[in-house]
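*Asks:* Here it is, the structure in full.
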Amino acid sequence: MVRDGIAVIIPCYNEALTIGKVIDDFRSELPEATVYVYDNNSTDGTAEIARTRGAIVKYEPRQGKGNVCRQMFRDIDADCYLMVDGDDTYPAESARSLCAPILAGEADMVVGDRLSNGTYAQQNARAFHGNDLVRAMIRWIYGYGFEDVMTGYRAMSRPFVKTFPVLSEGFQIETELSIHAVDRRWRIADVPVEYRNRPEGSVSKLNTVRDGLKVIAMIGTLFKDYRPLKFFSLVALLFCIGGLCAGIPVVTEYLATGLVPRFPTAILAVALMFMAALSLATGFILDAVAKVERKQWELRVYRQTKNG
């Protein structure tokens with residue numbers, strides 16, 4: 001496999017209206033880069049247009065952006081991966097600013113931040129798509145404040161890409177990339193970029209409610225996998241609160257009368273406290289497993305980096 005210096009990777013689904021301009025813009029800004037377009041079952045001739053503009057076109061039959069990214073990361077070998085959507089909403093003029101920290105070895109993921117300069121809110125009628133909620137959740141769980149979690153404009157290093165386990169199938173991929181970068185302590189940089197709305201006739205494939213719920217579910221799943229002690233401690237706390245609410249009246253009545261007339265309530269309280277203890281024990285066990293897995297992953301990253 002020949003390694004590219006910079007690989008511009010573009011996942012596409014029915015972007016015939018814009019893909020030609022996107023390829024031309026990035027080839028103009030990064031003439032030394034190789035442009036890859038992965039067509040995800042388009043029916044409007046996207047792949048044909050991309051091929052005529054000089055891009056390397058490949059096909060991914062499994063529907064969903066996450067599936068496309070999984071295959072791109074497996075197939076392509078490069079020093080810097082610049083991922084961008086094919087809808088002409090991200091400026092090619094910022095491409096070098098995103099790639100520079102990766103090529104200089106100063107960052108492992110550079111995020112094209114649409115939100116800091118306000119252009120995303122100005123251009124997009126459905127501003128943020130839940131970005132604020134997702135950012136708040138990641139900040140609370142992981143302690144890191146992303147400026148823009150769900151941007152599709154990112155530059156990534158080779159070790160980052162080759163050791164990133166893609167779990168999602170659809171638009172959750174951006175959130176998964178962000179959480180993985182924070183949890184594994186990759187070096188992250190933000191570069192503000194100008195956002196422009198889709199041209200007339202181009203339609204977004206994102207469903208705010210459906211895909212937003214999938215993103216929140218992905219955050220919960222990764223929270224459980226990456227931070228099991230914190231996750232199950234919260235579950236244990238909820239069970240404990242329920243057990244106390246059910247059990248305190250029973251204990252109070254027993255101390256006053258020596259009787260336990262509400263026996264079912266007493267059983268419920270004991271069961272809830274048992275579940276709290278079980279959840280806490282589960283958290284400790286899975287936390288130990290996660291630490292072992294993290295050590296193994298660090299060794300894999302070290303080998304990947306050492307082998308170039």
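*Asks:* Considering every residue within segment 161-171, establish whether at least one is farther than 22 Å from ASP132 by Cα, under 15 Å from the mean Cα position of the chain (by Cα), assigned to a helix (DSSP H, G or I) and not aromatic (Phe, Trp, Tyr).
*Replies:* Taking every residue of segment 161-171 in turn, at least one turns out to be farther than 22 Å from ASP132 by Cα, under 15 Å from the mean Cα position of the chain (by Cα), assigned to a helix (DSSP H, G or I) and not aromatic (Phe, Trp, Tyr).
*Asks:* Would you confirm, using the coordinates I've provided, whether ASP183 is closer than 18 Å to ALA107 by Cα, modelled with pLDDT under 90 and touching a Leu at 6+ places or on another chain (Cβ under 7 Å)?
*Replies:* no
*Asks:* Continuing with the same structure: If you go through segment 217-226 one residue at a time, do you hit one that is among the hydroxyl-bearing types (Ser, Thr, Tyr) and within 36 Å of the chain's Cα centre (by Cα)?
*Replies:* yes
*Asks:* Being touching a Gly at 6+ places or on another chain (Cβ under 9 Å) and aliphatic (A, V, I, L, M) is true for just one of LEU167, LEU177. Which residue is that?
*Replies:* Only one candidate passes the filter, namely LEU167.
*Asks:* Okay, next question. Condition first: surrounded by 15 or more Cβ atoms within 10 Å (Cβ to Cβ) and polar (S, T, N, Q). Can you find one or more residues in segment 279-290 that meet it?
*Replies:* yes
*Asks:* Looking only at segment 236-262, which residues are touching an Asp or Glu at 6+ places or on another chain (Cβ under 9 Å) and open to solvent by 80 Å² or more (accessible area, probe 1.4 Å)?
*Replies:* LEU259, PRO261, ARG262, listed by residue number.
*Asks:* In addition: Restricting attention to segment 164-175, report how many residues are surrounded by 19 or more Cβ atoms within 10 Å (Cβ to Cβ) and touching a Ser or Thr at 6+ places or on another chain (Cβ under 9 Å).
*Replies:* 3
*Asks:* For segment 143-160, what are the residues that are small (Gly, Ala, Ser) and either open to solvent by 10 Å² or more (accessible area, probe 1.4 Å) or not in a loop (DSSP other than H, G, I, E, B) (or both)?
*Replies:* Of everything in segment 143-160, those that are small (Gly, Ala, Ser) and either open to solvent by 10 Å² or more (accessible area, probe 1.4 Å) or not in a loop (DSSP other than H, G, I, E, B) (or both) turn out to be GLY143, GLY145, ALA155, SER157.
*Asks:* Right, here's the next one. Of all residues in segment 189-235, which are of a type in the set (A, V, I, L, M), buried (at least 18 other Cβ atoms within 10 Å of the Cβ) and over 30 Å from ALA276 (Cα atoms)?
*Replies:* Passing the criteria: VAL191, VAL193.
The values are calculated or read from the model by the stated rules, or taken from the named source; none is laboratory data. This one's a predicted model, so the numbers in the text were calculated from it and none came from an experiment. Neighbour counts are summed over all protein chains in view; Cβ atoms, including those assigned to glycine, are modelled from backbone coordinates with ideal geometry. Just so you know, the surface numbers come from the protein's heavy atoms only, side chains and all, with ligands and any DNA or RNA stripped out. Shrake-Rupley method; radii C 1.70, N 1.55, O 1.52, S 1.80 Å.
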